[in-house]
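Reading through the structure tokens given below for one structure.
The values are calculated or read from the model by the stated rules, or taken from the named source; none is laboratory data. Bear in mind the structure is a predicted one, so any value in this text is a computation, not a measurement. Cβ atoms come from the backbone with ideal geometry, glycine included; neighbour counts cover every protein chain shown. Calculation scope for accessible area: heavy atoms of the full protein, side chains included, ligands and nucleic acids excluded. Shrake-Rupley method; radii C 1.70, N 1.55, O 1.52, S 1.80 Å.
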Amino acid sequence: MPWYSPPSRRELSLVFFSLTIFVLFYNLENSFTNDALSGRWTASQANNKSANSNSENEDWDDVIYGNWTWQEGQVAENAQKLALNKTFPPLLPPQIFGTVGVNDGILNWDNGVPTTTVLKHVPGARAAFLPVVWLLRRGVGYTIMDNLFMLNGTLFAVTDDPTFPPLDSIASSGEDSHAIPRSSDWQILSSVQAREILGPFGGLIHGVSWIVTDASPSNYTFFSLWRTYSALDTSLSPDALTLPPPRRVFYPNVPALVGKPQRPGDPYVVRQRSPSGFHPFVAKAAFPTLGLMYKDDWADYELFHVPFLIKRAVVADEGAARRARADVPPFAVPLVELEASKKWWEPIRRGVARFLGVAEQAPNRAWLSKAETVVTYLSRQDAAPGPKLRKADHEALIEALRELGEGYTVHVVSSEAPWVERMTAIAQSTIVIGVHGAHMADCVYMPPSSRATVMEMFPPGVFIQDAEMAVRALDGVGYIAWWEARQHGVNALPPVVPPDEKEKDEVPLDVPTMMRAIRRIG
């Protein structure tokens with residue numbers, strides 16, 4: 001905008017007034033900031049005139065430059081002497097809060113190699129003389145330990161304790177689960193041996209690691225691992241997961257994919273993932289951050305030729321459990337030997353139910369009202385060779401279930417049904433019916449109640465206690481074994497008689513008898 005006339009007196013007054021205020025307050029702010037400093041310098045100037053007083057300038061020189069004795073070429077030497085005379089705190093393992101960074105994977109232990117020490121045997125009393133800072137609870141074949149080393153594919157326990165459990169009670173051979181572990185599988189080192197073999201440093205595997213040494217994990221692997229791990233908190237609440245979730249599961253003897261690796265030029269064949277002992281969706285629902293690491297990953301650690309310290313390991317070895325106890329299935333050893341909270345499985349079951357969108361059922365307090373009964377039949381009629389109901393009995397069972405009427409909801413779930421459909425039905429079931437087999441392991445996800453019941457059907461004279469042992473470990477789920485028209489409750493179970501492979505896979509059932517049992521429960 002052009003300036004057509006000189007500024008007026010009013011405009012000039014405003015400009016000079018603004019400049020005056022700016023200069024005044026700018027200098028006032030700097031005066032307050034440097035007041036103490038100015039006072040010191042004033043005092044130091046006055047005191048410099050007196051020979052009997054100490055100079056403030058000398059104090060400032062000590063603060064800024066230090067009180068070194070000035071000698072030509074000796075400044076660095078004096079600083080080195082001060083550093084050597086200073087006591088530094090010992091190097092401690094890093095405490096990780098939140099995400100582990102790239103600089104948290106190395107641990108220097110020098111000559112103080114971390115040791116693995118027994119805290120408690122199960123069964124058995126706690127040894128009072130053992131330090132509590134190292135945790136290890138042991139059931140044969142299922143072990144929790146801190147500070148387990150891995151080097152060149154071998155697991156090492158470092159201890160000078162002569163009462164440390166023998167390795168054959170912890171693990172088995174990587175080639176034959178019926179044999180004791182080889183020296184290439186497991187070793188126990190003394191502290192002196194550990195310093196020589198493991199060296200002064202190594203990699204650090206943070207968090208909780210589950211290690212499944214079996215080449216063919218069972219369908220109850222996840223169930224057994226959590227029961228073992230939950231023994232660390234016998235007051236575990238169903239509403240909150242107080243134990244740190246596991247970060248990874250190692251399968252040292254299970255390849256990532258089924259079948260032989262393909263070579264260049266071979267026709268392309270789709271290879272399936274190796275079974276892990278639980279459906280992949282279960283791990284993602286219960287522990288979204290859980291990683292599965294197979295034989296190929298284990299080989300990567302082996303090729304490092306550097307020791308790795310596993311901070312906390314939960315080891316499951318069904319071979320060791322099988323050698324120790326023949327009266328229960330190998331997976332059930334921690335269920336009968338390790339003390340746990342009555343609600344030990346509830347955090348996992350509820351987590352999966354929430355993942356599936358199944359609401360938690362509130363207890364019905366009105367004695368006159370009657371809660372709905374949800375019946376789920378896990379059919380195996382369309383499955384590959386294996387046990388299944390006799391065709392006529394299968395058709396009669398489906399028709400009878402559909403005629404149950406008001407107050408009942410019925411789900412007939414095929415063996416080929418998607419995981420979400422199958423587990424959604426189980427997660428809201430009052431009664432689950434199925435022919436015996438590994439698929440009955442999913443029954444542990446049904447909600448506990450006074451009416452919750454698993455009905456497992458066998459050929460007469462045959463009984464396998466896998467599902468019964470799993471259900472017995474839960475608080476609030478009943479069990480009935482069926483031999484056609486005959487029922488066997490938990491207090492009158494038949495002797496364990498595995499099925500003969502030569503026998504037919506068809507299982508007979510008296511449908512009217514089962515319907516009466518369902519109505520009594522409902």
Kindly indicate whether any position in the range 365-381 is in a loop (DSSP other than H, G, I, E, B), open to solvent by less than 30 Å² (accessible area, probe 1.4 Å), out of contact with any Phe, Trp or Tyr (no Cβ under 8 Å at 6 or more places or on another chain) and under 19 Å from PRO508 (Cα atoms).
-> yes
Of these, ASP475, ASP510, ASP505, which one is within 27 Å of the chain's Cα centre (by Cα) and open to solvent by 40 Å² or more (accessible area, probe 1.4 Å)?
-> ASP475
Just wondering, is there one or more residues in the range 205-222 that are more than 27 Å from ILE348 (Cβ to Cβ) and either open to solvent by 10 Å² or more (accessible area, probe 1.4 Å) or of a type in the set (Val, Ile, Thr) (or both)?
-> no
Which residues, taken from the range 98-153, are among the polar types (S, T, N, Q), buried (at least 18 other Cβ atoms within 10 Å of the Cβ) and either modelled with pLDDT under 50 or part of a strand (DSSP E or B) (or both)?
-> THR143, ASN147
Give the range 245-273 a look and list any residue that's modelled with pLDDT of 90 or more, open to solvent by less than 80 Å² (accessible area, probe 1.4 Å) and touching a strand residue (DSSP E or B) at 6+ places or on another chain (Cβ under 8 Å), or say none.
-> PRO245, PRO246, ARG248, VAL249, PHE250, TYR251, PRO252, VAL254, ALA256, LEU257
What strands (runs of 3 or more DSSP E) completely inside the range 415-522 contain at least 3 residues that are in contact with a helix residue (DSSP H, G or I) (Cβ under 8 Å, 6 or more places away or on another chain) and free of Cβ contacts under 8 Å to residues at least 60 places away in the same chain?
-> 478-483
Hits in the range 178-204 (condition: more than 16 Å from PRO114 (Cα to Cα) and surrounded by 17 or more Cβ atoms within 10 Å (Cβ to Cβ)) | ILE180, PRO181, ASP185, TRP186
Sole residue being out of contact with any strand residue (DSSP E or B) (no Cβ under 9 Å at 6 or more places or on another chain) and charged (D, E, K, R), chosen from GLU456, GLU468, GLU484, GLU501 = GLU501
GLY522 vs (1) over 24 Å from ASN219 (Cα atoms); (2) of a type outside the set (A, V, I, L, M, F, W, C); (3) in contact with a His (Cβ under 8 Å, 6 or more places away or on another chain): all pass except (3)
Which members of the range 298-318 meet the condition of being among the small types (Gly, Ala, Ser) and either farther than 27 Å from LEU243 by Cα or open to solvent by 60 Å² or more (accessible area, probe 1.4 Å) (or both)?
-> ALA299
Just a yes or no: is a residue in the range 143-166 closer than 20 Å to ALA231 by Cβ, in contact with an Asp or Glu (Cβ under 6 Å, 6 or more places away or on another chain) and touching a residue at least 24 places away in the same chain (Cβ under 8 Å)?
-> no
Across the range 339-355, what is the total count of residues that are in contact with a helix residue (DSSP H, G or I) (Cβ under 6 Å, 6 or more places away or on another chain) and open to solvent by less than 10 Å² (accessible area, probe 1.4 Å)?
-> 4
Would you check which residues across the range 393-414 are assigned to a loop (DSSP other than H, G, I, E, B) and more than 32 Å from the chain's Cα centre (by Cα) and list them?
-> GLU403, LEU404, GLY405, GLU406, GLY407
Per the filter on the range 382-415, residues of a type in the set (D, E, K, R) and surrounded by 11 or more Cβ atoms within 10 Å (Cβ to Cβ) are LYS388, ARG390, ASP393, GLU395, ARG402
Exactly one of (1) over 36 Å from the mean Cα position of the chain (by Cα); (2) closer than 28 Å to THR424 by Cα; (3) among the acidic types (Asp, Glu) is unmet by ASP500. Its number?
-> (2)
Scan of the range 382-392 for residues that are part of a loop (DSSP other than H, G, I, E, B) and either at pLDDT 95 or above or within 23 Å of ARG516 (Cβ to Cβ) (or both), ordered by number | ARG390
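Let's see how each residue does on (1) modelled with pLDDT of 95 or more; (2) more than 25 Å from LEU338 (Cβ to Cβ); (3) open to solvent by 10 Å² or more (accessible area, probe 1.4 Å):
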position: ARG422; (1), (2), (3): yes, yes, yes
position: ALA425; (1), (2), (3): yes, yes, no
position: SER429; (1), (2), (3): yes, yes, no
position: VAL432; (1), (2), (3): yes, yes, no
position: CYS443; (1), (2), (3): yes, no, no
position: SER450; (1), (2), (3): no, yes, yes
position: VAL454; (1), (2), (3): yes, no, no
position: GLY461; (1), (2), (3): no, yes, yes
